[in-house]
């Protein structure tokens, strides 16, 4: 002990203690919360609904009402179905933080188990669109890319842009980019019609057509830009900007060099 | 004589004995062109035009200008099996299956964009330096014809592939034509070969784009450049430069090497941009059908200001006596651009009417010395910029999280408020730059050295500017307001009273300037 | 009218500045270095040409390489483009650098001559023209003058007439679409008929009129026929009784072709019940019969009268009661 205390006044003593303290607190917290998080993965169904109700009352009822009946600022969730909740909570749109324009995709607040609980609770209120299973979502096998492109341009491009990059709606609302969106969420958005998006039920766009849409979106996402950098795949506006800044800029720079006298 | 000299001599003799060209070729080779980087903007236009001809010819070897339906069976999977026009399908083939095809398509389209950008930059340079004054008014009008033709040629060019974006643009074009009172529907049906989109439009604009308009371009550009050649290029004021001479490098060898080299530079820069930046990826847009549309649909930038004007137009239509007149289309798409371009074309005559100046001018103006003209130019640029930004309002809204409705309202107000504001600000800026020039001549330039006077105060030492610099700052002419006597000595009133009053008012405004330094002023200062 | 103020005493023109020699003019080492620089530039251009040839012949077009900032780029395209750019750009640089550093660059002065021709030339010109015109004697020869006028007038007509077959006359084409009483609405794409029960509240369907088996749609029909089917709750409508009668159980149908300039107004905001045209941002309120609430469009979208047939499929009850698409002179819009 005496040897240790002789290092009391060492230059590195304070910083080192700080680091040890931080590590200690962090690890303790992680271990402690891990024990809370590491709940068993299989639920009895009613247990999930109960948990879902608890989470709902704590995090959602202030806007959506104690019985999910809705209110002035939030719609009723009765009948929206498992798919709606999975989409909204899974993409982090709900709980909504910034109330100004629309719910934006952000880091989800609830983890997968909590989301599943919320889904179970809301789905228990009334029948509604279900979450598509993996078997249903086999777009690689069941989708047709070219047909998906036609469907996309007829039903989606007017809001989301020809390449799924997103577009403007009125009053500051927007259709978000479709790049990097999981196939499950694309399907769920189609059948539930979140916020400004209309509803595309399986009767109007069949499940096979939906899979073609997803296949096309994924192929557009994976497609490299053949001719060079595209500056966002949004068309002539960025192209015009580039030609003035880079094109004329480079040429004027060369013209100035050309007309200055050599040393 | 060396063998080379003997051979060239024999060839020259062969030609000379038949057309006697030695005299004017010698004169031409001795012609002199002044050097300034801003004089090269017109060259950028000309070289891009040549690049357009070359790359365009390449494309015509594979492009099929037909609207007949084909089923795509090429290599691009996302479009396989879809019905599309032969024009679109052949453009896909050029992009994916002809080696160098996509590069050439991009070179052609980027060159078109640089062509229009350089034309605008060149136009602004000529305008702000007053190079359009006598004897070059006709050349200015030819230039306005060229910029107008360029707009149309570009529109036809990007519409040829018949993709969703350009097809939408054609839909809008047909709506503009259709809106013309009395004859609109007839002209539209005749141009398109029937109801929109017709079956004959792509082949027809192909002929216009590849044959007729380039032919007109070649003729007009030739006259435009020959006039510069014959009338000699203008030059910036400077020591040794007068209204009666041109100072520069002769054509052979320096100017030819520099100008020729610049052609390859322009081509190389366009090729570089075409290698690294994608333009008009039509395979992503899909083939045109009138039932589809994409969010964020814009024309190429040089048409974007027209799109912006159309977007901000108020919803005005008159419905009377069984007829409809769409002012919401006619005003922004035809009337305002018509006034703008006519005004531009006539400007040299308008300005000479205001100043009463009928002399030849070969020395350029420094923009600050003509505050009214410079302010007018900036005002026009402001107008076009507000329209251009509104043309992309949905893109800006998406990129910067704004509301298209707010941008639209901003543009509707800004288009009336910002141009006059920019006029006033620019004029004030020019006058204060003139004041700064005057100070420079009178007091010399700051050296950064401080000296303490015996009285205790600190002064910065100023160095008188060189005679060359002083010449540049004082050699310009300052216009004097016109005096048109309304009633002469015998009491007879001059006709056109209102017109003359207006002329005098404008002339007075045009002559507002900070008086330049005279030799007498400087002598006075030197005696302090 | 005096226009210039320069009778006051201005400064003297100091004359063309003295010639300053370049390094390459004075120093043989600088000259050599400039030559080498030009040679290197030419070599770079040659390298570019070789890169282009190599990429064209040997580089397959399915190889992608990662470039920072730009992402995955196609090696074949990049090789062709950069090769071409280098071969051109450095050729130009070489020529310009050569001219700047090594070619004689003393400035030369050319003199300008006034453009106005001499009075002598002008007088001779006027005389020649007057004599020539007098030879025509049009003033005296009235019969020739009149017959010339008539033949010239008639001559101008055929060139205009020869263009007549460029297109058909518009006639009724702008006023009619393919929609008739009983035409079924089918999905676009897919061509499936639609049951009223297929639509949920908040749904929108892109539709076209049904066509017979084996028939093809003309693009000029597709330019007028597309119809948007939107389902609201019946209590959401604020329509006149006539327009309400054209809906069916909360389902309302509008022409998709914008009344402004003809783009497809396909963008439907489910919560606000507004239609937005992406071209010029005209906004239409579905609950009030596609009334224009923002933007340059001056007329609401034409509404299609719909009902269901015996099997429950949605059909048009009548053709559109006004012209679809942008306005034109002959359109009776009252």
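The values are calculated or read from the model by the stated rules, or taken from the named source; none is laboratory data. Here the structure is a predicted model, which means the values were calculated and not measured. Quick reminder, even Gly has a Cβ in these numbers, built from the backbone with ideal geometry, and neighbours come from all protein chains shown.
Brief remarks on what is shown
- Any hit, the stretch C:255-268, residues being surrounded by fewer than 17 Cβ atoms within 10 Å (Cβ to Cβ) and either facing another protein chain (nearest Cβ under 9 Å) or modelled with pLDDT under 95 (or both): no
- Checklist (1) touching a residue at least 40 places away in the same chain (Cβ under 8 Å); (2) in a loop (DSSP other than H, G, I, E, B); (3) more than 28 Å from residue C:186 (Cβ to Cβ) applied to residue A:226, failing item: (1)
- Filter result (at the interface with another protein chain (Cβ under 7 Å from one of its Cβ atoms), touching a residue at least 60 places away in the same chain (Cβ under 8 Å) and assigned to a helix (DSSP H, G or I)) within the stretch B:173-193: B:175
- Members of the stretch A:172-217 found to be crowded, with 21+ Cβ neighbours inside 10 Å, part of a helix (DSSP H, G or I) and within 14 Å of chain B (Cβ to nearest Cβ), listed by number: A:212, A:213, A:214, A:215, A:216, A:217
- Looking across A:12, A:34, one residue alone is at pLDDT 80 or above, surrounded by fewer than 10 Cβ atoms within 10 Å (Cβ to Cβ) and more than 30 Å from residue A:76 (Cα to Cα). It is A:12.
- Within the stretch B:216-232, considering residues that are over 20 Å from the mean Cα position of the chain (by Cα) and in a helix (DSSP H, G or I), the one nearest to the other protein chains (Cβ to nearest Cβ): B:231
- Selection status of residue B:310, more than 21 Å from the chain's Cα centre (by Cα) and crowded, with 20+ Cβ neighbours inside 10 Å: yes
- Hey, residue B:416 within 30 Å of residue A:165 (Cβ to Cβ) and either out of contact with any strand residue (DSSP E or B) (no Cβ under 9 Å at 6 or more places or on another chain) or at pLDDT below 95 (or both) or not: no
- Members of the stretch A:249-259 found to be surrounded by fewer than 20 Cβ atoms within 10 Å (Cβ to Cβ) and at the interface with chain B (Cβ under 8 Å from one of its Cβ atoms), listed by number: A:250, A:252, A:256, A:259
- Of the strands (runs of 3 or more DSSP E) lying entirely inside the stretch C:37-112, those carrying at least 3 residues that are more than 8 Å from chain B (Cβ to nearest Cβ) are C:64-67, C:71-74.
- Residue match in the stretch C:120-139 (condition: modelled with pLDDT of 90 or more, over 30 Å from residue B:277 (Cα atoms) and not in a helix (DSSP H, G or I)): no
- Strands (runs of 3 or more DSSP E) contained entirely in the stretch C:268-312, each with at least 2 residues that are under 20 Å from residue C:177 (Cβ atoms): C:306-308
- Pair list, Cβ under 6 Å, 6 or more apart: the stretch B:444-457 residue outside any loop (DSSP other than H, G, I, E, B), other residue surrounded by fewer than 10 Cβ atoms within 10 Å (Cβ to Cβ): B:450/B:458; B:452/B:458
Residue-by-condition table, conditions (1) modelled with pLDDT of 95 or more; (2) farther than 22 Å from residue B:300 by Cα; (3) within 11 Å of chain A (Cβ to nearest Cβ):
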| position | (1), (2), (3) |
| --- | --- |
| B:71 | yes, yes, yes |
| B:77 | no, yes, yes |
| B:105 | yes, no, yes |
| B:108 | yes, no, no |
| B:113 | yes, no, yes |
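- Taking the conditions (1) surrounded by 24 or more Cβ atoms within 10 Å (Cβ to Cβ); (2) within 30 Å of residue B:358 (Cβ to Cβ) in turn, residue B:110 satisfies each one other than (2).
- Every condition in (1) under 28 Å from residue B:427 (Cα atoms); (2) within 10 Å of chain C (Cβ to nearest Cβ) is met by residue B:485 except one, and the failing one is (1).
- Evaluated against (1) within 27 Å of residue B:40 (Cα to Cα); (2) surrounded by 15 or more Cβ atoms within 10 Å (Cβ to Cβ); (3) without any contact (Cβ under 8 Å) to a residue 60 or more places away in the chain, residue C:59 falls short on exactly one condition, (1).
- Among residues of the stretch B:21-49 being at pLDDT below 90 and under 17 Å from residue B:224 (Cβ atoms), the one that is nearest to the other protein chains (Cβ to nearest Cβ) is B:31.
- Subset tally (residues that are within 13 Å of chain C (Cβ to nearest Cβ), assigned to a loop (DSSP other than H, G, I, E, B) and touching a helix residue (DSSP H, G or I) at 6+ places or on another chain (Cβ under 8 Å)) for the stretch B:274-288: 4
- Filter result for the condition that a residue is within 15 Å of the chain's Cα centre (by Cα), touching a residue at least 12 places away in the same chain (Cβ under 8 Å) and at positive phi, over A:165, A:171, A:195: A:195
- For the residues A:145, A:101, A:115, the requirement of being in contact with a helix residue (DSSP H, G or I) (Cβ under 7 Å, 6 or more places away or on another chain) and assigned by TED's automatic domain parsing to the domain that holds residue A:184 singles out A:145.
- All told, residue B:291 falls short of being in a helix (DSSP H, G or I) and farther than 30 Å from residue B:480 by Cβ.
- Out of A:121, A:110, one residue alone is modelled with pLDDT of 90 or more, in a loop (DSSP other than H, G, I, E, B), out of contact with any strand residue (DSSP E or B) (no Cβ under 7 Å at 6 or more places or on another chain) and under 24 Å from residue A:187 (Cβ atoms). It is A:110.
- Only residues that are more than 8 Å from chain C (Cβ to nearest Cβ), closer than 30 Å to residue C:87 by Cα and touching a residue at least 40 places away in the same chain (Cβ under 8 Å) were counted in the stretch B:233-265, giving 4.
- Residue C:203 vs. criteria touching a strand residue (DSSP E or B) at 6+ places or on another chain (Cβ under 7 Å) and surrounded by fewer than 18 Cβ atoms within 10 Å (Cβ to Cβ): no
- Hits in the stretch B:475-499 - residues which are closer than 30 Å to residue B:445 by Cα and touching a helix residue (DSSP H, G or I) at 6+ places or on another chain (Cβ under 6 Å): B:476, B:479
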